[in-house]
1. Condition check: surrounded by fewer than 19 Cβ atoms within 10 Å (Cβ to Cβ) and either closer than 30 Å to residue 333 by Cβ or at pLDDT below 75 (or both). Does residue 194 satisfy that?
2. Of the conditions (1) touching a helix residue (DSSP H, G or I) at 6+ places or on another chain (Cβ under 7 Å); (2) within 24 Å of residue 438 (Cβ to Cβ); (3) in contact (Cβ under 8 Å) with a residue 60 or more places away in the chain; (4) not in a helix (DSSP H, G or I), residue 383 fails just one. Which one is it?
3. Given (1) out of contact with any strand residue (DSSP E or B) (no Cβ under 6 Å at 6 or more places or on another chain); (2) at pLDDT 90 or above; (3) buried (at least 17 other Cβ atoms within 10 Å of the Cβ), where does residue 497 come up short, assuming only one miss?
4. Restricting to region 353-372, and then to whatever is under 15 Å from residue 397 (Cβ atoms) and buried (at least 18 other Cβ atoms within 10 Å of the Cβ), can you tell me which residue is modelled with the lowest pLDDT?
5. Inside region 518-548, can you point out the residues that are without any contact (Cβ under 8 Å) to a residue 60 or more places away in the chain and part of a helix (DSSP H, G or I)?
6. Is there a residue being assigned to a helix (DSSP H, G or I), more than 20 Å from residue 458 (Cβ to Cβ) and within 44 Å of the chain's Cα centre (by Cα) anywhere in region 388-405?
7. What number of residues within region 421-460 are surrounded by fewer than 16 Cβ atoms within 10 Å (Cβ to Cβ), under 53 Å from the mean Cα position of the chain (by Cα) and assigned to a loop (DSSP other than H, G, I, E, B)?
8. Can you tell me which residue in region 543-573 is surrounded by the most Cβ atoms within 10 Å (Cβ to Cβ), limited to those that are modelled with pLDDT of 90 or more and under 20 Å from residue 478 (Cα atoms)?
């Protein structure tokens, strides 16, 4: 025995030097624990070895490193303070040597055929952080010298283990924060809900090694959680069953608006078994603007797999995930509304163009052309041809205040009013007064109409014109271009407006051009308007051309002038030419 003592004492000094080397050079916890095991083996021959660390919250010891224990035991076993040899050693903060565990009621059997055991607490600043535990199948295998030597090693190594533990925790927290920041940035850049949910699962797997994962979203009625995305062992699956609010662990997390961490689902009455392999579960509510929108649910086959750190991490990330989900939902809703609006606008555009005359009237003495181009999908300009009796025909060109759908609807209203009065074959001034009266009865704030109404008598070649706010038309007669000084108040603003009426006795080759202010207001990059001067020049230059050629020339010139600038107003041109002796028109 004396020889053994001398041998042990002779090995203490170099051993302590090695201990100091581990403490001073290693901050990786796994490396530190492994080297502790190697150092102890140099002075104490063992078959069964374990380092158990203390969970301060649960006051339980759990295996952090082991030799000779089965994986199941090492993963599952939890020892409360005061229970078992190791629990008593931790509680009393003193080493315990048991020569024969068969005679010690405190012993908890974890490995078959164990007979002797040493448990030495790891103490840092008078605080127990864990226990070194050695067991042997031989009774009386360990001695008091072994106990003292192991106590000496433990006193030195406890600092190294705690430092490594703190370093590991800080490093993990730093990596987690960086990853959380990366996840937050990435999630906010995804606007497709299915992609968001899939990416959440992928990114969370970098934080926590879960085996089962689900995102459940609250239905529109707020009564049940619906599985929207699920992973089972990295395989994407579709789960159909819904969970009522308040039912199960996820339902409880949503109802109580707080995370639920269950270390053993078999002992929790709230658990609804969907996977018989599940042993631990973590459910975290997704809350957006103080409203629960769903739950993140993580499961694992190991009991106690999820920790408080996991819960804090997921709870921190849950707020960002909720924002990303709501952003994607909002974007999808806007996209659906935009698609619906596009369909509605396409139909409205088609209907608007169907409301325009399907063809140009064919008259013996008059050539007619017209073109309408809305600034948006649909517009507020209009033109129409209305047949009167005795070879007479009315021509209408109008411009509604505003743009888009409201203007188009108002234009349809004006068109309907015009058609309702047309059977009485009113003159231009009479028609404008009638339309003004009808619109005044249906007055809409901010809405009015500028209209030119003309009546052509094809037999007598006369044109009657009245204007209610459109730009003055252009009249080409015997090579001269002049304005028709027809003006008037827009329709729908004043109850008792009166309108002047002009009559022209047309001659062969006379030309009349009517247009909305969208032509005059076409603007180039420099901010210059197309204007009346340019318009009169274009019409004068092509005055001998066909009515259709003149309309196209006006549109082409206005478009070229405003090249590269978005059109902001509807454009309409109607040209009528009295047929004459010219043999060829362009």
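The values are calculated or read from the model by the stated rules, or taken from the named source; none is laboratory data. Worth saying up front: this structure is predicted, and the values here are computed from it rather than measured. Cβ atoms come from the backbone with ideal geometry, glycine included; neighbour counts cover every protein chain shown.
1. Details: surrounded by fewer than 19 Cβ atoms within 10 Å (Cβ to Cβ): yes; either closer than 30 Å to residue 333 by Cβ or at pLDDT below 75 (or both): yes.
Spelling it out, residue 194 is indeed surrounded by fewer than 19 Cβ atoms within 10 Å (Cβ to Cβ) and either closer than 30 Å to residue 333 by Cβ or at pLDDT below 75 (or both).
2. So the condition that residue 383 fails would be (1).
3. So residue 497 meets the others, but not (2).
4. Here is the first cut: in region 353-372, the ones under 15 Å from residue 397 (Cβ atoms) are 355-357, 360-361, 368-372.
Filter again for buried (at least 18 other Cβ atoms within 10 Å of the Cβ), leaving 368-370, 372.
Values: 368: 94, 369: 94, 370: 93, 372: 88.
For region 353-372, the residue satisfying everything is 372.
5. From region 518-548, those without any contact (Cβ under 8 Å) to a residue 60 or more places away in the chain are 519-531, 533-534, 537-538, 541-542, 544-545; that's our starting set.
Selection gives 519, 520, 531, 533, 534, 537, 538, 541.
6. Our first condition is that a residue be assigned to a helix (DSSP H, G or I); within region 388-405, this holds for 404-405.
Checking the rest, the ones that are also more than 20 Å from residue 458 (Cβ to Cβ) come to 404-405.
In the following step, the residues that additionally are within 44 Å of the chain's Cα centre (by Cα) were identified as 404-405.
Taking every residue of region 388-405 in turn, at least one turns out to be assigned to a helix (DSSP H, G or I), more than 20 Å from residue 458 (Cβ to Cβ) and within 44 Å of the chain's Cα centre (by Cα).
7. Residues flagged as surrounded by fewer than 16 Cβ atoms within 10 Å (Cβ to Cβ), under 53 Å from the mean Cα position of the chain (by Cα) and assigned to a loop (DSSP other than H, G, I, E, B) within region 421-460 amount to 5.
8. Restricting to residues being modelled with pLDDT of 90 or more and under 20 Å from residue 478 (Cα atoms), the top hit is 550.
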